[in-house]
Amino acid sequence: MRILIKNGRVIDPCDGRDRVETLYIEDDKIAAEFSEEKADRVVDAKGCYVMPGLVDMHVHLRDPGLTYKEDIVSGTRAAARGGVTTVVAMPNTKPVMDSPDRISYVINKAGALACVHVIQAGAVTKAQKGLEPADYAGMARIGVPAVSEDGKSVMNARVMRDAMILAKKENLVILDHCEDKDLVNGGCVNADENARRLGVQGITASVEDTITARDILLAEETGCRLHLCHVSTKGAAELLRYAKARGIAVTGEVCPHHFTLTSDDIPERDSNYKMNPPLRSKEDKEALIEGLRDGTFEVISTDHAPHARQEKGPDMRGAAFGIVGLETSVALTITELVDKGILTPMQMAEKMSYNPARILGIDRGTLSVGAAADVAVIDPEAVYTIDAASFASRGRNTPFDGRKVKGKVRMTICGGRIVYEEKVQG
């Protein structure tokens, strides 16, 4: 199929291109040029960004074993609706994705049913029990680029060091969830006056910062590539900046909820504001935004974590941690960062597409001729109200339901196929 996208602002971080021009797609690749008459579909993208399809490094598809929350079909539809053409699925499923055979299940199912590219991350340890590293060589052989213990940390430092040595040997990046479980102590929200207001136990910054510091030092010692997931504290941001100054191979991500909300925003009896790590203080939020501005953080990811309605009840203590994010990340990034002059549209494309692809070592994140035809067409001026009931995801657990935002995905193209197109009202 030949698709011609005209009048759009083409933004490609790979070559610094940022201008209004025509983009050509032929079959599954970006093409050099062809006449409009030869196009099977002509898309007028006037007023829109035309970016490389977004790459979300941090997504819970819940498949296999937890498909009542989400599955490959619903999760990738949600991704397409959010302009995301590649997702990295976290391995904390049932069973845990810790072997080539188990990961092959996801690869095969995604190949048959997914509407966007699915990359399955392997577990850091067998069954995520934290006792011994998983089969890195086997997982690397079938194309796994990363491992993660997401949902928890590897608490034994020796085991984590051994895992890093193996990850370096197999050229795998570790996607690091930094949480000292012994310090959590039943916490639900950030340890500040809001925890007292809500009548729940707080989670201190040290829960995140201690493991962040430990794993940065282990990464320096082993030479392993380390990526810090969902950074939420000022301290962790400063530790990442320190690591970069020392030349350690560490990168980091921030999630939209952490650069948009603080613990002050949490209402009573609404567990849609409960996530791990929690919403932090205004000072923490400002440090994350500054880190995005100055390049300390290379990536914006969602930590998309769908849950069934009954798992996110009014009791903050008993509710599951996590919120969905695939369908709101573009709007929150434009509203909170681009529209406020914190990031340029080019920097948005870098952090949501080009940089994640580079960290993962995959051939994505560019609109260069011959590249994969993964494209997001985004209207940065569209103003609307987020409606969780309309989500493609099975999860409705978002604190942003009813929030007025700016920036909407109009079309998503993955592998040369239109996998999402906004319905025209009327």
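The values are calculated or read from the model by the stated rules, or taken from the named source; none is laboratory data. All figures in this text were calculated on a predicted structure; none of them were measured in a lab. Every residue, glycine among them, receives a Cβ derived from its backbone with ideal geometry; neighbour counts consider all protein chains shown.
Before moving on, here are some points about what is shown:
- Among residues of the stretch 240-255 being touching a residue at least 12 places away in the same chain (Cβ under 8 Å) and part of a helix (DSSP H, G or I), the one that is surrounded by the fewest Cβ atoms within 10 Å (Cβ to Cβ) is Tyr242.
- Annotation for the stretch 37-50: at least one member residue is assigned to a strand (DSSP E or B), touching a helix residue (DSSP H, G or I) at 6+ places or on another chain (Cβ under 7 Å) and in contact (Cβ under 8 Å) with a residue 60 or more places away in the chain.
- When residues in the stretch 363-407 are screened for being part of a loop (DSSP other than H, G, I, E, B), on the phi > 0 side of the Ramachandran plot and crowded, with 21+ Cβ neighbours inside 10 Å, 1 of them pass.
- If the condition is being more than 27 Å from Val383 (Cα to Cα) and under 28 Å from the mean Cα position of the chain (by Cα), then the stretch 32-60 contributes only His60.
- Any hit, the stretch 46-69, residues being more than 25 Å from Leu228 (Cα to Cα), among the β-branched types (Val, Ile, Thr) and at pLDDT 95 or above: yes
- Looking only at residues in the stretch 88-143 that are surrounded by fewer than 18 Cβ atoms within 10 Å (Cβ to Cβ) and closer than 20 Å to Ile359 by Cβ, the one that is nearest to the chain's Cα centre (by Cα) is Gly143.
- The residue of the stretch 168-213 that is nearest to the chain's Cα centre (by Cα), among those that are assigned to a strand (DSSP E or B) and not polar (S, T, N, Q), is Leu175.
- Residue in the stretch 1-23 that is farthest from Glu37 (Cα to Cα), counting only those that are of a type in the set (A, V, I, L, M) and surrounded by fewer than 17 Cβ atoms within 10 Å (Cβ to Cβ): Val20
- Cβ-Cβ under 6 Å pairs, at least 6 apart or on other chains, the stretch 199-213 side under 11 Å from Thr233 (Cα atoms), far side modelled with pLDDT of 95 or more and among the acidic types (Asp, Glu): Val207/Glu179; Val207/Asp180
- Some residue of the stretch 256-272 being of a type in the set (Val, Ile, Thr) and surrounded by fewer than 24 Cβ atoms within 10 Å (Cβ to Cβ): yes
- Some residue of the stretch 226-235 being within 19 Å of Lys312 (Cα to Cα), among the basic types (Lys, Arg), in contact (Cβ under 8 Å) with a residue 12 or more places away in the chain and surrounded by 20 or more Cβ atoms within 10 Å (Cβ to Cβ): no
- Yes/no for Arg293 being more than 23 Å from Ala78 (Cα to Cα) and either surrounded by fewer than 24 Cβ atoms within 10 Å (Cβ to Cβ) or of a type outside the set (Ser, Thr, Tyr) (or both): yes
- Scanning the stretch 312-335 for residues that are among the charged types (D, E, K, R) and either without any contact (Cβ under 8 Å) to a residue 24 or more places away in the chain or surrounded by 21 or more Cβ atoms within 10 Å (Cβ to Cβ) (or both) yields Lys312, Glu327.
- Spans of helices (runs of 4 or more DSSP H) in the stretch 68-165 with at least 1 residues under 25 Å from Ile211 (Cα atoms) and in contact (Cβ under 8 Å) with a residue 24 or more places away in the chain: 136-141
- Put simply, of Lys234, Lys285, Lys244, Lys274 the only residue that is closer than 20 Å to Val405 by Cα, of a type in the set (Lys, Arg) and modelled with pLDDT of 95 or more is Lys285.
- Asn185 vs. criteria within 29 Å of Arg280 (Cβ to Cβ) and either among the β-branched types (Val, Ile, Thr) or touching a residue at least 24 places away in the same chain (Cβ under 8 Å) (or both): no
- The stretch 167-213, residues that are surrounded by fewer than 17 Cβ atoms within 10 Å (Cβ to Cβ) and of a type in the set (Lys, Arg): Lys169, Lys181, Arg196, Arg197
- Residue match in the stretch 273-289 (condition: of a type in the set (Ser, Thr, Tyr), in contact with a strand residue (DSSP E or B) (Cβ under 7 Å, 6 or more places away or on another chain) and surrounded by 22 or more Cβ atoms within 10 Å (Cβ to Cβ)): no
- In the stretch 298-308, the residues that are in a loop (DSSP other than H, G, I, E, B), buried (at least 21 other Cβ atoms within 10 Å of the Cβ) and not charged (D, E, K, R): Ser301, Thr302, Ala305, Pro306, His307
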